[in-house]
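Have a look at the structure below before the remarks.
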Amino acid sequence: MKNIGKYLVYPCILLAFSACTDLEEKLKGDITDDINIPGISTGGGGGGSDVLNAAFSELRNSGTANHGAYYSVQEITSDEMCIAAKGGDWFDGGILIDLHKHTYKPTHDFVKNTWNGTYNGINTCNELLAKATLDDNQKAQTRALRAYFYMRLMDLYGNVKIITAPGGNAPQSKRADVYKFVENELLASLGITAVTQGMDLSNSALGTANNPYRINRYAAMGLLAKLYLNSEVYTGTAAYDKAAIAAGYVIDSGVYQLCGKGCKVTNLGRRPAVSSDPAELEGFAAVFAPNNANNPEHVFTVLYDEVSAGGMNFSQMNLHYSSQFTWNFQDQPWNGYATLEEFYNSFEDKDERKKASFIAGPQLDFGGSAVLDYASDDGNLVLDYTPKINEIAPNSLRQAGARPGKFSFKQFGRPDMDNDYPIVRLGELYLIRGEALARAAGNWNASLPDVNVVRARAGVAAFTAVTADQFLAERGREMFQEGVRRTDLIRFGKYNAAWWEKPVSPAYVNIFPIPQEQINASGGTLVQNPGY
């Protein structure tokens with residue numbers, strides 16, 4: 001086994017990716033094929049397929065865990081993370097800072113990409129539903145998936161067109177009408193007309209088999225729980241009782257279990273020469289690992305595979321160029337996304353989610369030597385991810401910010417990762433039920449039994465009392481990097497508040513602008529959202 005020692009870092013050639021102008025660097029060192037890690041192949045991968053594969057693949061294609069679309073607009077606009085400009089690297093005409101500061105406009109590329117990607121998913125569902133060869137279960141799954149795409153559109157853009165046939169068109173619908181469409185489609189897939197205690201789902205065309213890459217009854221009910229939790233934002237009318245019932249249905253089914261002690265996977269990112277790297281990932285860390293397929297907590301997830309189902313690029317998006325030598329990545333990272341210091345500091349040190357969610361401090365290579373950056377701009381050659389970010393622009397330090405690492409990395413990782421990405425998981429459903437019960441009762445302490453379940457799994461003391469702000473912070477610790485923070489901040493009335501390098505923003509930015517090119521092409525059938 002070779003020992004990887006010191007590396008020289010030289011700028012620079014441009015990394016061509018979407019709208020990025022990331023500064024790629026040539027790193028001198030040895031990333032070799034003669035390092036063998038048990039459980040890891042440097043060859044190809046695989047993935048299954050069926051008649052629904054094209055539709056469910058659109059969850060990947062629409063940017064669920066990638067740069068430039070849905071994930072970016074949900075995360076960079078929140079208080080979780082940012083992409084700071086490092087000289088000319090990652091400035092990208094200011095569009096990333098616009099997301100952070102909530103100064104985005106109808107011409108913003110990411111806003112456009114998210115709209116187009118989501119409607120592409122809807123169109124694929126419509127084309128599939130137009131086929132006479134689908135059985136009832138396949139139709140129900142496709143309708144539920146289309147409803148989820150519309151739930152995203154409604155959350156992001158408010159008033160949108162409900163198109164239910166390939167190549168069709170429709171008038172622009174009010175947000176409340178889109179909400180009703182989503183609700184009705186999910187209820188129809190479940191074979192019921194309302195979510196109630198003791199409801200009978202025996203007439204549902206959806207099955208109960210536990211396949212997290214497809215939608216079963218529990219996945220559809222989980223999507224309803226997420227919808228009802230935000231009903232007051234979307235329609236002005238609360239539905240917290242329904243949110244609690246829907247979440248409770250999945251929790252109480254016993255089909256899924258929280259991944260805690262004894263729930264383990266092999267640590268595919270382990271460096272044998274680094275004693276602090278565990279041989280296995282247990283509990284919370286296992287839920288998001290590269291080998292997290294069939295995790296008992298997953299209800300509905302997006303399938304990612306480094307060969308056959310690409311689109312998750314967190315290793316590239318988040319890590320410094322030199323971190324290539326920690327994991328022997330095939331390609332060099334881009335040094336983009338970083339966690340805001342205040343959010344990072346909201347975790348107790350003993351919280352197991354802190355260690356699992358972030359990469360911070362001095363970095364070591366595969367052989368246990370310090371990773372060096374000879375182009376360092378802080379006088380320290382050792383790559384040291386510091387929680388403090390000096391500024392968002394124009395000269396953020398190259399190593400500034402703890403890096404998101406919740407969806408952890410494996411040795412010899414390719415640019416596309418293997419980690420499956422949860423849309424519905426049991427840990428969030430406990431928080432949905434707890435919040436819904438608390439809001440319905442007008443007493444946040446009503447959430448304690450559920451919120452303390454996830455705190456116990458994280459290894460931190462139970463709350464004896466909780467406020468709305470404390471609950472939001474707890475939800476942030478549990479749901480970091482899962483694409484929900486913007487939506488959560490809006491529901492809690494915090495999205496327009498000031499935070500690091502972001503001033504108070506106006507209320508109209510809670511809904512994104514409809515892309516200008518769509519307005520121009522609509523012939524007057526799309527009206528822009530107020531404020532834009």
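The values are calculated or read from the model by the stated rules, or taken from the named source; none is laboratory data. What you see is a predicted model; the values in this text were computed from it and never measured. Cβ sites come from the backbone with ideal geometry, for glycine too, and all protein chains shown count toward neighbours.
Among the residues of the stretch 165-197, the one identified as at pLDDT below 95 and on the phi > 0 side of the Ramachandran plot is Gly167.
Residue pairs whose Cβ atoms lie under 6 Å apart, sitting 6 or more positions apart in sequence or on different chains, and linking a residue in the stretch 190-204 that is aliphatic (A, V, I, L, M) to a partner that is assigned to a helix (DSSP H, G or I) and surrounded by 10 or more Cβ atoms within 10 Å (Cβ to Cβ), are Leu190/Ala220; Val195/Lys242; Val195/Ile245; Val195/Ala246; Leu201/Leu190; Leu201/Arg217. Just wondering, is there one or more residues in the stretch 251-259 that are crowded, with 20+ Cβ neighbours inside 10 Å and part of a helix (DSSP H, G or I)? There is at least one residue in the stretch 251-259 that is crowded, with 20+ Cβ neighbours inside 10 Å and part of a helix (DSSP H, G or I).
One residue stands out in the stretch 418-435 among those that are touching a Lys or Arg at 6+ places or on another chain (Cβ under 8 Å) and of a type outside the set (D, E, K, R): the one that is nearest to Tyr213 (Cα to Cα), namely Val424. Scanning the stretch 129-146 for residues that are among the hydroxyl-bearing types (Ser, Thr, Tyr) and either part of a helix (DSSP H, G or I) or under 14 Å from Gly207 (Cβ atoms) (or both) turns up just one, Thr142. The set of residues in the stretch 151-179 being part of a helix (DSSP H, G or I) and without any contact (Cβ under 8 Å) to a residue 24 or more places away in the chain consists of Asp177 alone. Pairs are defined by a Cβ separation below 7 Å, a sequence spacing of at least 6 or placement on different chains, a first member in the stretch 248-264 that is under 12 Å from Asn294 (Cα atoms), and a second member that is among the β-branched types (Val, Ile, Thr) and crowded, with 16+ Cβ neighbours inside 10 Å; the pairs so defined are Tyr256/Val250; Tyr256/Val299; Cys259/Val287.
Entry remark, the stretch 286-314: residues being touching a Leu at 6+ places or on another chain (Cβ under 7 Å), surrounded by fewer than 23 Cβ atoms within 10 Å (Cβ to Cβ) and under 22 Å from Ala220 (Cβ atoms) number 1 in total.
Conditions (1) hydroxyl-bearing (Ser, Thr, Tyr); (2) in contact with a Leu (Cβ under 8 Å, 6 or more places away or on another chain); (3) over 26 Å from Leu96 (Cα atoms), marked per residue:
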{"residue": "Tyr321", "(1), (2), (3)": "yes, yes, no"}
{"residue": "Ala338", "(1), (2), (3)": "no, no, no"}
{"residue": "Ser369", "(1), (2), (3)": "yes, no, yes"}
{"residue": "Val382", "(1), (2), (3)": "no, yes, yes"}
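Test Phe366 against the criterion of being of a type in the set (A, V, I, L, M, F, W, C), farther than 26 Å from Phe91 by Cβ and assigned to a loop (DSSP other than H, G, I, E, B), and give yes or no. In short, yes.
Restricting attention to the stretch 324-362, which residues are closer than 20 Å to Gln481 by Cα and assigned to a helix (DSSP H, G or I)?
Kept after step one, since they are closer than 20 Å to Gln481 by Cα, are these residues of the stretch 324-362: 333-361.
Listed by number, the residues that qualify are Glu341, Glu342, Phe343, Tyr344, Glu352, Arg353, Lys354, Lys355, Ala356, Ser357.
Residue-wise test of (1) small (Gly, Ala, Ser); (2) more than 18 Å from Asn126 (Cα to Cα).
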{"position": "Arg143", "(1), (2)": "no, no"}
{"position": "Arg146", "(1), (2)": "no, no"}
{"position": "Leu153", "(1), (2)": "no, no"}
{"position": "Gly158", "(1), (2)": "yes, yes"}
{"position": "Ile163", "(1), (2)": "no, no"}
{"position": "Gly191", "(1), (2)": "yes, yes"}
{"position": "Pro212", "(1), (2)": "no, yes"}
{"position": "Ala220", "(1), (2)": "yes, yes"}
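Asn184: surrounded by fewer than 16 Cβ atoms within 10 Å (Cβ to Cβ) and part of a helix (DSSP H, G or I), yes or no? Yes, satisfied.
Screening Ile83, Ile35, Ile76 for residues that are more than 23 Å from Gln172 (Cα to Cα) and at pLDDT below 95 leaves exactly one candidate, Ile35. With respect to Leu201, determine if the residue is more than 27 Å from Ile76 (Cβ to Cβ) and surrounded by 19 or more Cβ atoms within 10 Å (Cβ to Cβ). Taking the combined requirement at face value, the residue does not satisfy it.
Note on the stretch 389-414: residues that are more than 17 Å from Asp79 (Cα to Cα) and either of a type in the set (Lys, Arg) or at pLDDT below 95 (or both) amount to 3. Among residues of the stretch 217-250 being outside any helix (DSSP H, G or I) and either at pLDDT below 95 or in contact with a Lys or Arg (Cβ under 9 Å, 6 or more places away or on another chain) (or both), the one that is nearest to Ile490 (Cα to Cα) is Asn230. If Gly413 satisfies every condition in (1) over 29 Å from Tyr70 (Cβ atoms); (2) buried (at least 17 other Cβ atoms within 10 Å of the Cβ) but one, which is the exception? Unmet for Gly413, out of (1) over 29 Å from Tyr70 (Cβ atoms); (2) buried (at least 17 other Cβ atoms within 10 Å of the Cβ): (1).
Every listed requirement among (1) β-branched (Val, Ile, Thr); (2) touching a helix residue (DSSP H, G or I) at 6+ places or on another chain (Cβ under 6 Å); (3) surrounded by fewer than 21 Cβ atoms within 10 Å (Cβ to Cβ) is met by Val454 save one, (3).
Residues that are touching a Leu at 6+ places or on another chain (Cβ under 9 Å) and either surrounded by fewer than 23 Cβ atoms within 10 Å (Cβ to Cβ) or among the aromatic types (Phe, Trp, Tyr) (or both) were ranked within the stretch 103-123; the one that is farthest from Asn510 (Cα to Cα) is Tyr119. The combined condition, being farther than 19 Å from Glu185 by Cα, part of a loop (DSSP other than H, G, I, E, B) and of a type in the set (D, E, K, R), is not fulfilled by Arg214.
Just checking, how many residues over the stretch 49-84 are closer than 30 Å to Asn137 by Cβ and either in contact (Cβ under 8 Å) with a residue 24 or more places away in the chain or assigned to a loop (DSSP other than H, G, I, E, B) (or both)? Break it down stepwise before answering.
The first filter runs over the stretch 49-84 and keeps only residues closer than 30 Å to Asn137 by Cβ, leaving 49-66, 69-71.
From what is left, the residues that are either in contact (Cβ under 8 Å) with a residue 24 or more places away in the chain or assigned to a loop (DSSP other than H, G, I, E, B) (or both) are 49-52, 54-66, 69-71.
Residues that pass the stated criteria total 20.
Would you check which residues across the stretch 301-323 are in a loop (DSSP other than H, G, I, E, B) and in contact with a Phe, Trp or Tyr (Cβ under 9 Å, 6 or more places away or on another chain) and list them? Spell out the reasoning first.
First, pick out the residues of the stretch 301-323 that are in a loop (DSSP other than H, G, I, E, B): 303-304, 306-308, 310-313, 319-320.
Leu303, Tyr304, Gly310, Gly311, Met312, Asn313, Leu319, His320, listed by residue number.
Out of Ala176, Ala205, Ala219, one residue alone is under 24 Å from Thr301 (Cβ atoms), small (Gly, Ala, Ser) and under 26 Å from the mean Cα position of the chain (by Cα). It is Ala219. Of the residues making up the stretch 458-474, those that are surrounded by 15 or more Cβ atoms within 10 Å (Cβ to Cβ), over 28 Å from Ser396 (Cβ atoms) and without any contact (Cβ under 8 Å) to a residue 60 or more places away in the chain are Phe463, Val466, Ala468, Phe471, Glu474.
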